[in-house]
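> The structure that follows is given in the form of structure tokens.
The values are calculated or read from the model by the stated rules, or taken from the named source; none is laboratory data. Nothing here was measured: the structure is a model prediction, and the numbers come from that model. Glycine gets a Cβ as well: all are built from the backbone with ideal geometry, and neighbour counts include every protein chain shown.
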Amino acid sequence: MAGFGTNYQALPAAVVRAQATPQSGMSQEAIWHCLYDTNSFVSNATTRLTFFDTARGDITLSNMDSAGQLSNDQTLQVHNVCVDLWPAAGVSSAAVATSVGNLNDAQLILLVGRPVWTLNMSSKKYGPYPLTALHGTGGPTGMGWGTFTAIHSLQYARNTDSPGWNYFGKITLLPQSAFNVEIVWTAVQVLTADWRLRFSFFGVLNRKVQ
């Protein structure tokens, strides 16, 4: 993710009002936007996931209005490309010192399975590229503790949220033009539990004012 904030300068009031309220009914507004979709990574089964191709019917999983394309009045100039991953339980716990857990699972998903991602737009492909080039959007950072009478293993993990892949607006998702993202692993990965992956595009959304 790029850092918060941007360079700016003071503008005359008339210019600010003109930008906020386009003068023509054909004008568009431009806003910073995040387009996201979520899919499930099933332990010992998943070798390929496709994003943005299905209407999930749940805004906590996807904010696509329709499957596989933007509405006819929208374009998205893509900047940051991110992937988040999380298990059903935030922290894995086991009374065995050598037990694997969330941290090991994340390593399998991001590195051991050698995953690559590809953006498909109409008949054009961008990729494949390593999944590790895509960083997370954020999440809790902390530690946990407790009172243990025997050896115990606690693990939590998330994808790093340091700056990652950025197209800087050079790639544009066009209206009513098919697109999706595919992630492919070399082999199934045996995890301690199923995980979810959320793929996100951050960029400038252009759309009708009304």
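> Can you report the number of residues in the range 52-85 which are out of contact with any Phe, Trp or Tyr (no Cβ under 8 Å at 6 or more places or on another chain), among the hydrophobic types (A, V, I, L, M, F, W, C) and in a strand (DSSP E or B)?
Count: 1.
> Follow-up question, since we're still on this one. Assess whether Cys82 counts as being touching a His at 6+ places or on another chain (Cβ under 9 Å), surrounded by 14 or more Cβ atoms within 10 Å (Cβ to Cβ) and not polar (S, T, N, Q).
Numbers: touching a His at 6+ places or on another chain (Cβ under 9 Å): yes; surrounded by 14 or more Cβ atoms within 10 Å (Cβ to Cβ): yes; not polar (S, T, N, Q): yes.
Here the answer is yes, as Cys82 does meet what is asked.
> Please verify whether the range 104-116 includes one or more residues that are farther than 20 Å from Phe199 by Cβ, modelled with pLDDT under 95 and of a type in the set (Gly, Ala, Ser).
Looking through the range 104-116, none of the residues is farther than 20 Å from Phe199 by Cβ, modelled with pLDDT under 95 and of a type in the set (Gly, Ala, Ser).
> Among the residues of the range 139-159, how many are under 17 Å from Asn102 (Cβ atoms) and either at pLDDT 75 or above or in a loop (DSSP other than H, G, I, E, B) (or both)? I'd like the intermediate steps shown before the answer.
Let us first name the residues in the range 139-159 that are under 17 Å from Asn102 (Cβ atoms), namely 139-146, 152-159.
Now drop any that are not either at pLDDT 75 or above or in a loop (DSSP other than H, G, I, E, B) (or both), which leaves 139-146, 152, 156-159.
Here the count works out to 13.
> Out of the strands (runs of 3 or more DSSP E) lying entirely within the range 160-210, which hold 2 or more residues that are modelled with pLDDT under 95 and surrounded by fewer than 18 Cβ atoms within 10 Å (Cβ to Cβ)? Quick ask: steps written out before the conclusion?
On the way: elements: 166-173, 179-184, 195-208.
In the range 160-210, 166-173, 195-208 are the strands (runs of 3 or more DSSP E) which contain 2 or more residues that are modelled with pLDDT under 95 and surrounded by fewer than 18 Cβ atoms within 10 Å (Cβ to Cβ).
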